[in-house]
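Contents: one structure, followed by commentary.
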Amino acid sequence: MAEDKKKNKGKREISEISVDEAVCYVIENTDKEVSTVFDRAQSMKPCPIGSGISGICCKNCSMGPCRVREGKTGLCGATLSTIAARNFARHVAAGASAHSDHGRDMAHMLGLVAEDKAPGVEIKDELKLLKFAKNIGVKIDDRDIKEIAKETADKALSLFGQQHGEIDLIKMAPKKRQDVWKKSKIIPRGIDREVVEIMHRTHVGVDQHAEHILDACLRTALSDGWGGSMIGTEISDILFGTPRAVCAKANLGMLAKDEVNIVIHGHEPTLSEIIVGLADDKELIEYAKTKGAKSINVVGICCTANEMLMRQGIAPIGNFLSQEMAIMTGAVELMIVDIQCIMQALGEVTKEYHTKLITCSPKCKISGATHMEFQDNNGLELAREIIKMAIDNFKNRKEKLCIPDITSDMVAGFSHEYIKYALGGRFRESFRPLNDAIIDGRIQGVVAIVGCNNARVTHDKYHNYLTKELIKRDYLVAVTGCAAISTAKCGLMIPEAMEYAGEGLRSICETGGIPPVLHVGSCVDNSRILTVLSEVVEEGGLGEDISDLPVAGIAPEWMSEKAISIGTYCTASGVYVAFCGEPIPVESSSEVKELMTKGWQEKCGGQLEYIADVDELLNKVIDVIQAKRKALKIDVKKERVLLDMEARRSL
Ligand code: SF4
Ligand code: MSK
């Protein structure tokens with residue numbers, strides 16, 4: 001791997017690698033020959049056929065892999081559009097599985113907590129439990145909270161294997177949206193069922209019809225957004241608390257020079273919550289002092305960081321492309337990873353440093369890592385053991401520390417509940433002020449910027465550029481996942497960032513004391529955006545369906561299959577979604593592209609497309625939102641009329 005480093009030295013300007021100065025600092029100042037994802041991106045170009053740009057590749061049976069261009073077919077006769085739709089479908093299935101399996105584990109944990117079988121975890125938000133229980137059809141009456149929790153967990157788990165009918169959570173969508181889904185026959189029956197069926201339908205010799213395969217994509221993605229992800233988010237709030245505004249600091253500068261640094265990385269919050277709780281334990285801090293450290297510092301990467309940030313204010317030190325750099329600072333005693341977005345390369349990087357890499361999920365092992373499995377009832381014990389291991393490793397620091405002195409202040413914690421509170425106050429919490437601001441044009445629309453980093457795109461560049469351009473034009477921006485960490489590092493998540501915002505948006509930020517960029521959470525928390533959209537529709541004045549709202553979604557630096565599933569469920573919910581950076585895997589099929597734009601527009605009021613040029617994408621998003629404003633007849637700015645007494649009486 002160090003070979004990649006040598007080969008690429010001097011080939012790429014550092015400014016092309018990342019706009020995050022902290023990441024650049026570590027790359028430029030490390031004295032080790034460690035290969036990073038950026039080096040590998042330089043030495044290995046993406047396959048133009050596998051990526052679906054010039055032709056497409058099918059490897060669904062051993063007569064292939066078949067490389068197919070327009071006018072040609074695979075050995076079995078499969079056309080370009082069939083293969084493009086099938087490849088896209090398998091991305092949706094994998095993305096939906098990742099989110100939903102996470103949601104399943106949260107439901108399982110709720111069941112254990114209800115039976116007092118998970119030491120270190122408890123129900124933190126009973127009100128949210130009651131609401132969620134109601135939403136999935138569990139009776140409340142005057143039953144004991146633990147009894148309700150157990151039945152809620154069992155009911156949530158049953159949604160995965162449900163074979164017929166409709167999953168209950170789709171009832172949280174506006175009535176008109178549910179009718180759209182009914183008409184198109186895309187309401188998910190059960191979460192696992194949809195994923196299994198899509199894998200079956202894309203097997204050689206089953207579903208050969210691009211539009212029919214894409215219908216299955218919509219249904220499977222809906223089982224993620226309104227199913228697995230929604231369960232993940234709701235139960236995380238129930239167990240660990242519903243996020244409220246919280247101040248924190250972001251970036252690699254939050255690694256401490258003289259403390260034991262523990263980095264949590266991945267997506268599942270449970271064990272990390274216990275670790276964060278225990279890191280304040282006096283006995284453990286005293287133990288750290290006996291080993292020469294001042295204290296214990298827990299920080300995070302990717303969405304485990306987002307989960308801990310939203311509820312505990314833990315510093316997100318980086319997003320997907322920062323994970324190797326965290327270790328390369330030489331200051332990390334231990335990195336504990338759970339699931340998703342963990343680069344296998346960490347195993348190699350940690351060999352060069354004193355950092356211990358720990359895997360804890362029964363679903364994820366990495367060569368070079370120590371596996372310490374988190375089981376149902378060993379959370380407290382395991383967390384203590386892991387913290388002690390980190391403390392014991394402090395004395396093994398041998399490298400020159402390379403911690404950049406770079407941090408950014410931020411405010412996070414914008415759950416849908418908190419947004420309502422911020423807008424309306426304790427006694428009048430509601431989305432009414434947001435709807436009014438959109439109607440009178442102070443806010444032109446809401447854009448969700450979500451998704452990953454991609455080493456083939458300058459790290460964080462598009463996230464930050466699009467966010468700044470949008471808030472400047474009075475679009476409120478909601479962010480999740482790695483996009484959220486990107487804008488936090490860029491300093492856009494503090495109320496003072498309103499200086500970048502247009503006049504209208506600034507006035508709303510000033511009134512609500514909120515930044516123009518709202519951190520809504522982790523990848524599964526994109527389901528919070530669905531809840532916000534539904535509640536905004538219900539609040540009234542902006543149409544009757546999500547597809548009427550002046551909103552859009554962007555995944556500017558997407559990388560994972562989960563991003564494809566998120567984009568698809570947002571589209572199925574009636575939202576215009578654009579991908580940038582690397583193409584989505586259907587680029588060479590004009591038929592599939594048309595089905596996902598015009599076709600999906602007719603079917604569900606949303607579109608999904610890839611736009612290579614970031615400014616073209618920005619203009620398209622603005623055009624789409626402005627067209628929605630026009631349809632709602634709120635495109636013309638109404639002058640404020642001050643009424644005198646007589647005029648008021650006549651009203
Ligand atoms: Fe080729 Fe058809 Fe097999 Fe795909 S399923 S690899 S197109 S023969
Ligand atoms: S972590 S899925 S790289 S957003 Fe949720 Fe970031 Fe994308 Fe992973």
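The values are calculated or read from the model by the stated rules, or taken from the named source; none is laboratory data. As the structure is a prediction and not an experimental result, all values here were calculated from the model. Note: ideal-geometry Cβ built from the backbone for every residue, glycine included; neighbour counts use all protein chains shown.
Of the residues making up region 351-372, not one is loosely packed, with under 14 Cβ neighbours inside 10 Å and among the acidic types (Asp, Glu). Applying the condition of being more than 22 Å from the chain's Cα centre (by Cα) and in a loop (DSSP other than H, G, I, E, B) to region 530-559 and asking which residue is farthest from Glu616 (Cα to Cα) yields Gly540.
Note on region 493-524: residues that are hydroxyl-bearing (Ser, Thr, Tyr) and not in a helix (DSSP H, G or I) amount to 1. Tell me, yes or no, whether region 96-115 has at least one residue that is part of a loop (DSSP other than H, G, I, E, B) and buried (at least 17 other Cβ atoms within 10 Å of the Cβ). Checking region 96-115: not a single residue is part of a loop (DSSP other than H, G, I, E, B) and buried (at least 17 other Cβ atoms within 10 Å of the Cβ).
In region 458-476, which residues are over 16 Å from Asn319 (Cβ atoms) and buried (at least 24 other Cβ atoms within 10 Å of the Cβ)? Spell out the reasoning first.
Within region 458-476, the subset over 16 Å from Asn319 (Cβ atoms) is 468-476.
Leu470, Ile471, Tyr475, Leu476 - these are the residues of region 458-476 that are over 16 Å from Asn319 (Cβ atoms) and buried (at least 24 other Cβ atoms within 10 Å of the Cβ).
How many residues are of a type in the set (A, V, I, L, M) and within 16 Å of ligand 2 (Cβ to nearest atom) if we restrict to region 52-92? Before the answer, list the steps.
Restricting attention to region 52-92, the residues satisfying the condition of being of a type in the set (A, V, I, L, M) are 53, 56, 63, 68, 75, 78, 80, 83-85, 89, 92.
Still in the list and also within 16 Å of ligand 2 (Cβ to nearest atom): 92.
Residues in region 52-92 being of a type in the set (A, V, I, L, M) and within 16 Å of ligand 2 (Cβ to nearest atom): 1 in total.
As for region 173-186, it holds at least one residue that is more than 30 Å from Cys58 (Cβ to Cβ), aliphatic (A, V, I, L, M) and part of a helix (DSSP H, G or I). Under the condition of being surrounded by 23 or more Cβ atoms within 10 Å (Cβ to Cβ) and in contact with a Leu (Cβ under 9 Å, 6 or more places away or on another chain), the residues counted in region 490-500 number 1.
Within 22 Å of the chain's Cα centre (by Cα) and surrounded by fewer than 21 Cβ atoms within 10 Å (Cβ to Cβ), is that true of Asp409?
yes
Lys185 meets each of the listed conditions (1) among the charged types (D, E, K, R); (2) surrounded by 14 or more Cβ atoms within 10 Å (Cβ to Cβ); (3) at positive phi apart from (2). All conditions but one from (1) of a type in the set (S, T, N, Q); (2) surrounded by fewer than 23 Cβ atoms within 10 Å (Cβ to Cβ); (3) more than 24 Å from Asp192 (Cα to Cα); (4) touching a residue at least 60 places away in the same chain (Cβ under 8 Å) apply to Ser62; the one that does not is (4).
Among the candidates Ile554, Ile546, the residue that is crowded, with 24+ Cβ neighbours inside 10 Å, farther than 30 Å from Ala22 by Cβ, away from ligand 1 (no atom under 16 Å from the Cβ) and not assigned by TED's automatic domain parsing to the domain that holds Lys176 is uniquely Ile546.
Inclusion of Ser51 among residues that are away from ligand 1 (no atom under 14 Å from the Cβ), surrounded by 15 or more Cβ atoms within 10 Å (Cβ to Cβ) and under 12 Å from Ser588 (Cα atoms) is warranted.
Scanning region 560-578 turns up no residue that is in the same structural domain as Asp623 (by TED's automatic domain parsing), within 23 Å of Met343 (Cα to Cα), assigned to a strand (DSSP E or B) and within 14 Å of ligand 2 (Cβ to nearest atom). Comparison of Ser81, Ser15, Ser54 shows that the only residue that is farther than 30 Å from Phe160 by Cβ and outside any helix (DSSP H, G or I) is Ser54.
Does Arg193 qualify as being of a type outside the set (Ser, Thr, Tyr), assigned to a loop (DSSP other than H, G, I, E, B) and either within 16 Å of Gly103 (Cα to Cα) or free of Cβ contacts under 8 Å to residues at least 60 places away in the same chain (or both)?
Numbers: of a type outside the set (Ser, Thr, Tyr): yes; assigned to a loop (DSSP other than H, G, I, E, B): no; either within 16 Å of Gly103 (Cα to Cα) or free of Cβ contacts under 8 Å to residues at least 60 places away in the same chain (or both): yes.
When the stated conditions are applied, Arg193 does not pass them.
Outside the structural domain of Glu352 (by TED's automatic domain parsing) and within 16 Å of ligand 2 (Cβ to nearest atom), is that true of Ala118? Criteria not met by Ala118. Taken together, the criteria exclude Ala279 from residues that are touching a Lys or Arg at 6+ places or on another chain (Cβ under 6 Å) and either in contact (Cβ under 8 Å) with a residue 40 or more places away in the chain or within 16 Å of ligand 1 (Cβ to nearest atom) (or both).
Tell me, yes or no, whether region 80-89 has at least one residue that is away from ligand 1 (no atom under 15 Å from the Cβ), over 20 Å from Met343 (Cα atoms) and not polar (S, T, N, Q).
Quick first cut of region 80-89, residues away from ligand 1 (no atom under 15 Å from the Cβ) only: none.
No, because not a single residue in region 80-89 is away from ligand 1 (no atom under 15 Å from the Cβ), over 20 Å from Met343 (Cα atoms) and not polar (S, T, N, Q).
Residues of region 461-481 that are part of a helix (DSSP H, G or I) and closer than 14 Å to Ala412 by Cβ: Gly481 alone.
Considering (1) more than 22 Å from Trp558 (Cβ to Cβ); (2) under 23 Å from the mean Cα position of the chain (by Cα), the lone condition that Ala89 does not fulfil carries the number (1).
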